[in-house]
Amino acid sequence: MRSISNSTNSSNVHSPPLKRYLVTMLCAAIGASVALYISTLENKSIEKATLKTHLEHKGLNVSKSDLKEQLKRMKAFRKRAKHSGLDSVMNRTTKIVRIQPGTRIALIGERHTGTRWIMSQLQHCFPNNRVTSRLTRWKHLFQDDYVENNVPTLVIALFRHPYLWLEAMRKVPHNAPNHFGLEWKDFLKKEWTIERPERDLGKENETCYENFSYNEVVPCIQGTHKDKDIQLHSQQMRTNLRSSGLFVGYKPVYELKRDKSGNPYSDILEFRAAKINNFLQVENWDWVKTLITAQYEILLKNGTDSLISQIETVLNVTKSCSFNTNYFKPVFKRNITQGFIDYVNQHIDWETEKKIGYHKHEWIDDEQIINEEKEEEDEQSNNDVNASEVGTDDFELPSIDKHDNQDLTNDHEEKGENEQSNNEDNIASEKKTGDF
């Protein structure tokens, strides 16, 4: 009896501390849960406020339903970001790649292919990706794999049918002042170059504009408003075109043959074929994960939803833009002569054109084919340029003069891009100015 009584007393002595321990642990667990819940609510509030501020800065709708939808997309994006990336769809050449979240998007395309228009949509639809209007050089130029430490990049290359692109270049030859104001026969046949200015003398062994060598570009040194040749080009081109409400790139940039021989292309037709092949070959670079090619005419006709959807699939992300990308832009139809069409059909490299999906007699209606007399009347009025050039085509190239480190011009679309990267692609940073 005594042993039993002692055992009972011992149990009563030790039970209160055990109960206190269990109660303390339970309270701690409840307190931690409450604190975690409050912290989660605070994070959501901060995230919601940050997203709302971002959307307002972008000029997008910020209703409650929009915020809720955007937050869902952000959560889905973060969930995917925890993984190393999923297999993307096959691109144009059926090359399967793995794309990481946050992949850079680089847009390239010749002048008059709608790069400014597409650039603005990409920046709004994919704010979590760094969208740039250059790959290793400015979007219009030949691209070379010379930049080190590049990040995985999705490249979008824009093209335009040769009939329409050649006529657009003839009307407004951005950065090709030696081809300004020519009849179509002279324009298509003239050697694609310009006389080297005096400022290029003695620069044979120096790195030129946009990291070209001396035998790859004319001029080597882009120059300033103080140079006589630039003053002359500015007077000729700006006076004639800006009076019609157009912006024009008057500073000469003529790219030479890719073999570094220093020889120019025989004409703009040969130059176009070389540029197409150059843009397509970037797909072979190790750090270029996917190349998407797009036709300007199809984007104008059908809207950009298909292109945006392709990018969503390849990057495994969801677009953030709330505006409708599937709208129809006014399609301006240029008038060209039958002689122009016949000459292009006979002299252009159609095998190269087929690589980007273009063939003879496409994107041109019978009513657009006019006689020579009618074309002369159109040249006098010049009304057909206004509707087309301002909204969809491009301004001149940015100035990056490494010799005096003075940047003179820049496309307005670079404003958003430069805010994301102040020293992009190891190329001299570009100063934002109002000069086109």
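Among Leu154, Leu164, Leu36, which comes first, then next, by fewest other beta-carbon atoms within 10 Å?
Fewest to most other Cβ atoms nearby, the residues stand as Leu36, Leu164, Leu154.
Could you give each residue of segment 116-122 its phi-based ³J(HN,Hα) in whole Hz, using Karplus coefficients 6.51, -1.76, 1.60 with θ = phi - 60°, and x for Gly or Pro?
5, 4, 5, 4, 5, 6, 5
Given H placed 1.01 Å from N in the peptide plane, which residues other than close sequence neighbours of Ala106 have an amide H under 5 Å from its amide H?
Answer set, sorted by chain and number: Thr132, Leu154, Val155, Ile156.
Taking the Cβ of each residue in Arg160, Arg196, Arg258 as the centre, tally the other Cβ atoms inside 10 Å and list the residues starting with the fewest.
Arg258, Arg196, Arg160
Going by average Cβ density within 10 Å per residue, which order do the peptides 224-230, 337-343, 269-275 take, highest to lowest?
On the way: 224-230: 14.3, 337-343: 15.9, 269-275: 20.0.
Final packing ranking: 269-275, 337-343, 224-230.
Would you mind checking Lys171/Lys228; Lys185/Lys360; Lys203/Lys289; Lys185/Lys226; Lys189/Lys289 for any pair whose Cα atoms are more than 27 angstrom apart?
Beyond 27 Å between Cα atoms: Lys203/Lys289; Lys185/Lys226; Lys189/Lys289.
Every read-out reported here was derived from the displayed coordinates using simple, explicitly stated rules and does not represent laboratory data. Just so you know, these numbers come straight off a predicted model, no measurement behind them. All Cβ positions, even for glycine, are placed from backbone atoms using ideal geometry, and neighbour counts span all protein chains on display.
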